[in-house]
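These notes concern the structure reproduced below.
Throughout, read-outs are computed from the coordinates displayed, never taken from laboratory work. What you are looking at is a predicted structure, and each value in this text was computed from that prediction instead of being measured. Glycine also receives a Cβ, built like all others from the backbone with ideal geometry; neighbour counts cover every protein chain displayed.
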Amino acid sequence: MLGAFYGSECRGIAVPVYVIDHWVFFLTQYSNVLNQPLSYKVYLADTGEICNTDEILPFVNNQMLGDPLNPYLFHIAPSALETPQNLALIIEGNRLSLTFASADERRSLFLA
């Protein structure tokens, strides 16, 4: 699950959707203030971890970032993970799991 936040206030949530040949997040986020900085968090159901992404983006009305063919990427530093492991994408029903091998690698999440 991917969430948009201003401080501790949740401004939008998305779950992964399989489109074309990969998983993407269609995230709708809300704010009453233009250019309000929004941060993003990812919930990893397999470990119960909540990880911050590296990106902080200003809120812009009606802005679209990415599409299924050219997704916008969010990144999670492996140091944010409790237990980095080998890189794997595991899809079980509606559940998507991502894991890593080394501290030099980064997680990428697709937002379309």
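Estimate the FRET efficiency between Y43 and D67 by the formula 1/(1 + (r/R0)^6), using the beta-carbon distance for r and 22 Å for R0, to the nearest 0.05.
Result of the calculation: an efficiency of 0.40.
Quick query: amide H of V19 versus all other amide H atoms, modeled in the peptide plane; which residues come in under 5 Å with a sequence gap of 5 or more or a different chain?
Hits under the 5 Å cutoff: V24.
Neighbouring Cβ atoms within 10 Å as the yardstick, rank S31, S8 fewest first.
Ranked by crowding around the Cβ, least crowded first: S8, S31.
Karplus couplings for the stretch 20-32 from phi (6.51 cos²θ - 1.76 cosθ + 1.60, θ = phi - 60°), rounded to Hz, Gly and Pro as x?
6, 9, 8, 8, 9, 10, 9, 9, 9, 10, 10, 6, 9
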